[in-house]
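The values are calculated or read from the model by the stated rules, or taken from the named source; none is laboratory data. Here the structure is a predicted model, which is why all the values come from computation and not from measurement. Using ideal geometry, Cβ is built from the backbone for each residue, glycine included, and neighbour counts are taken over all protein chains shown. With ligands, DNA and RNA removed, areas are computed over all heavy atoms of the protein, side chains included. Shrake-Rupley method; radii C 1.70, N 1.55, O 1.52, S 1.80 Å.
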Amino acid sequence: VASLNRFGQGQALFVNLPLTYLLQRTDGIFLHGFLSYFAQQVGERPALIASPNGVGALVLNWHNDDGKAIGFLHGLQDAGIFDHGHQSLHFTAGPDVNTPGDGLGMDLDYNEEAQQMILKLRSQGHSIGNHGGWIHNYFGTLASDSNGDEFMPFLDLNNASVTKANQGQVPKEYSAPNGNQPLWTYDWMADNGVQAYYTVADVGMPPTRLWLGTRHIDKAWAFPVLTYGQVASAEEASFQKVPTEEFGQWLQQVARFIEQTRSIRLSYFHPIGAVGYLPAVKAYIDSVQACVDRTQCQFISMGEAADFLSRRAQVQWSVQAQGGEDVLSASHPQSLASMAWTLPKKKYASVRVRDGQAEVQSTEDAWLVRVQGGTQLSLELRRQP
């Protein structure tokens with residue numbers, strides 16, 4: 001599939017995959033992965049890390065589909081699940097679930113218990129978002145590319161209800177019921193200020209700008225859901241009879257991956273499924289919290305991550321040779337705060353801040369530069385002899 005070959009004094013990386021085609025239609029991890037490998041491992045280039053302060057981040061995304069979810073949220077509150085970091089909780093607000101009139105929904109406009117739960121979650125620093133279109137399973141099953149006129153009003157109803165319960169703050173996060181996201185929902189998100197959304201595409205990726213064939217969704221950040229084989233949620237693990245211990249081991253591997261790669265990843269749960277696997281879920285969150293206490297991880301909401309990634313996209317930077325050294329220059333129209341670069345020790349013997357507000361930390365195989373503020377940065381990179 002891929003090979004690294006020496007050619008004269010250099011090397012060539014050959015990849016026998018249709019990388020752009022895969023990016024547009026399945027998963028961008030192949031293109032991004034090989035580009036990252038080539039730039040950092042073969043070319044030994046510096047990298048601007050795609051997480052705040054170069055610290056791995058966990059996005060916990062909770063989908064609340066119906067009236068029963070509130071009771072399970074109470075159980076998770078009692079277990080201390082929401083005492084950690086900033087999380088993203090999304091609500092389907094209508095009175096029904098499977099069909100109009102079945103009365104199984106959250107009925108958020110008239111459900112005082114649900115309203116109080118949202119206020120409690122807000123007070124804990126969590127983000128409130130939309131979980132699609134008013135009638136969860138009805139929308140998730142029947143909405144399609146061809147019936148936007150019929151189903152788009154459900155998005156408006158849900159948005160209005162959640163905004164009211166969110167003390168008038170319009171949600172900036174969205175998740176699709178059953179992962180069903182017809183093409184017109186992207187237009188609706190752009191028109192309604194959505195900055196971050198959950199996706200069942202690109203599951204190998206950290207947050208990204210999604211491609212749908214040749215259409216680039218560039219107004220909001222897509223947050224791919226992590227999967228364990230065909231399992232993405234605890235309910236699916238239950239359906240496939242995955243033991244709690246095995247599910248928990250996977251979650252622990254995710255926690256270590258986030259720390260080691262310094263990347264952002266999204267785990268999603270429904271309250272009912274999380275309660276069913278509560279020992280594994282609590283151990284997972286406790287492990288990430290222990291990593292937070294070591295300042296090697298962070299909890300982050302989808303909106304916070306999207307804000308950072310949008311700011312990161314505005315960074316202008318380059319590396320220029322000056323004699324026996326390289327100089328990394330960077331700028332940002334507002335602030336470089338929370339940006340971080342990693343520079344390989346295999347190439348650079350030392351790194352010195354020539355201009356700007358930044359600190360340099362030595363890791364096992366790289367120099368880590370974290371910026372505290374300012375709009376300009378200049379680093380002096382002394383090459384290995």
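Taking the chain as a Gaussian network, Cα atoms linked when under 10 Å apart, which of Phe239, Phe151, Phe269 shows the biggest mean-square fluctuation?
Highest fluctuation of the listed residues: Phe239.
Which percentage, to the nearest 5, of the DSSP beta bridges contained in the chain is antiparallel?
Numbers: 43 of 68 bridges.
So the antiparallel bridges amount to about 65 percent of the total.
How big is the chain by the Kirkwood estimate over distinct Cα pairs, in Å?
22.4
Leaving out ligands and nucleic acids, and using a 1.4 Å probe, what accessible area per residue does segment 21-168 come to in Å²? Present the calculation step by step, with values, prior to reporting the outcome.
On the way: 6060 Å² over 148 residues.
Normalised by residue count, the accessible surface of segment 21-168 is 41 Å².
Using only Cα atoms and rounding to the nearest 10 degrees, what angle (0 to 90) does helix 244-261 make with the longest principal axis of the chain?
Its long axis makes an angle of about 40 degrees.
For Gln357, enumerate residues with amide H under 5 Å from its amide H, sequence gap 5+ or separate chain, H modeled in the peptide plane.
Here Gln372, Gly373 satisfy the definition.
How would you rank 334-341, 22-29, highest first, on the average number of other Cβ atoms within 10 Å across their residues? List each step's numbers first, then the result.
On the way: 334-341: 19.1, 22-29: 17.0.
Output ranking for 334-341, 22-29: 334-341, 22-29.
May I ask for the Rg/Rh ratio of segment 246-385, computed from Cα atoms with Rh as the Kirkwood radius, given to two decimals?
That ratio is 1.08, to two decimals.
Excluding ligands, DNA and RNA, what is the solvent-accessible area per residue of segment 181-266 at a probe of 1.4 Å, expressed in Å²?
For segment 181-266, the solvent-accessible area averages 45 Å² per residue.
So what are the ³J(HN,Hα) numbers for segment 195-210, from phi and the Karplus equation (6.51, -1.76, 1.60; θ = phi - 60°), rounded to whole Hz, Gly and Pro as x?
9, 8, 8, 7, 9, 9, 8, 6, 5, x, 9, x, x, 8, 8, 6
How much length is gained if the chain between Gln320 and Ser123 is pulled fully straight, taking 0.36 nm per residue apart and subtracting their Cα-Cα distance, in nm to one decimal?
66.2 nm
Among DSSP beta bridges lying fully in segment 138-270, give the percent that are antiparallel, nearest 5.
Rounded to the nearest five, the antiparallel share is 35 percent.
Report the net charge of residues surrounding Asp145, where surrounding means a beta-carbon distance below 13 angstrom and charges are Lys +1, Arg +1, Asp -1, Glu -1.
That sum, taken over residues with Cβ under 13 Å, equals -2.
Would you kindly state how much longer the chain becomes between Val203 and Ala349 on full extension, computed as 0.36 nm times their sequence separation minus their alpha carbon distance, in nm to one decimal?
48.9 nm
If you take the Cα Rg of segment 1-55 and divide it by 2.2 N^0.38 Å, with N the number of residues, what do you get? All intermediate terms of the calculation are to be shown ahead of the outcome.
Values: Rg = 13.4 Å, N = 55, 2.2 N^0.38 = 10.1 Å.
Dividing the Cα Rg of segment 1-55 by 2.2 N^0.38 Å gives 1.33.
Under a plain spin-label model, where a point goes 7 Å from the Cα along Cα-to-Cβ, how far apart in nm are Phe34 and Leu48?
About 2.4 nm, to one decimal.
Given springs between every Cα pair under 10 Å in a Gaussian network model of the chain, which of Gly140, Gly43, Gly94 has the largest fluctuation?
Gly43
Which value results when the Cα radius of gyration for segment 95-149 is divided by 2.2 N^0.38 Å? Show your work: numbers first, answer last.
Numbers: Rg = 13.7 Å, N = 55, 2.2 N^0.38 = 10.1 Å.
Here the answer is 1.36, to two decimals.
Which whole-number percent is the relative contact order of segment 303-346 (Cα, under 8 Å, 6+ apart)?
That works out to 30 percent.
Keeping all protein chains in the complex and leaving out DNA, RNA and ligands, what accessible area do you get for Ser36 with a 1.4 Å probe, in Å² to the nearest 10?
Its accessible surface works out to 50 Å², give or take rounding.
Tell me the angle of helix 278-293 to the major Cα principal axis of the chain, expressed in degrees between 0 and 90 and rounded to the nearest ten.
40
Would you mind computing, in nm to one decimal, how far apart the modelled labels at Ser310 and Ser362 are, each placed 7 Å from Cα along Cα→Cβ?
4.0
Taking the simple approach of a point 7 Å from Cα along Cα-to-Cβ for both Arg294 and Gln41, what is their distance in nm?
In this crude spin-label approximation the distance works out to 2.4 nm.
Excluding Asp107 itself, calculate the net charge of residues whose Cβ lies under 10 Å from the Cβ of Asp107, where each Lys or Arg counts +1 and each Asp or Glu counts -1.
Details: positive: none; negative: Asp66, Asp96, Asp109.
Here the count lands on -3.
Once phi is turned into θ = phi - 60°, what whole-Hz ³J(HN,Hα) does the Karplus curve with 6.51, -1.76 and 1.60 give for every residue of segment 24-36, x standing for Gly and Pro?
6, 10, 9, 8, x, 4, 5, 5, 5, x, 5, 5, 4
For segment 293-369 and segment 1-74, what is the centre-to-centre distance using only Cα atoms, to the nearest Å?
First find each Cα centre; the distance between them is then 18 Å.
Using amide H atoms built 1.01 Å from N in the peptide plane, name the residues 5+ places from Asn166, or on other chains, whose amide H lies under 5 Å from its own.
Correct list: empty.
Do me a favour and compute the ellipsoid semi-axes for segment 30-150 from its Cα gyration tensor, root of five times each eigenvalue, largest one first, whole Å.
Working from the Cα gyration tensor, I get semi-axes of 37, 23, 10 Å.
Hey, can you grab everything whose amide H is under 5 Å from the amide H of Leu104? Only 5+ residues off in sequence or another chain; H modelled, so Pro and N-termini drop out.
Val97, Asn98
With θ taken as phi - 60° and the coefficients 6.51, -1.76 and 1.60, list the Karplus ³J(HN,Hα) couplings across segment 78-85 in order, rounded to whole Hz; mark glycine and proline as x.
In residue order, the calculated couplings are 4, 7, x, 4, 8, 7, 10, x Hz.
Whenever you get a sec, compute what percent of the accessible area on the chain sits on carbon and sulfur atoms (1.4 Å probe).
C and S fraction of accessible area: 50 percent.
Beyond 27 Å between alpha-carbons counts as too far, so tell me which of Lys120/Lys282; Lys68/Lys120; Lys164/Lys219; Lys68/Lys164; Lys68/Lys219 fall in that bin.
Numbers: Lys120/Lys282 20 Å; Lys68/Lys120 18 Å; Lys164/Lys219 24 Å; Lys68/Lys164 21 Å; Lys68/Lys219 34 Å.
The answer is Lys68/Lys219.
Tally Lys and Arg at +1 and Asp and Glu at -1 over the other residues with C-beta under 15 Å from the C-beta of Asp27: what net charge comes out?
Overall, the nearby charge balance is +2.
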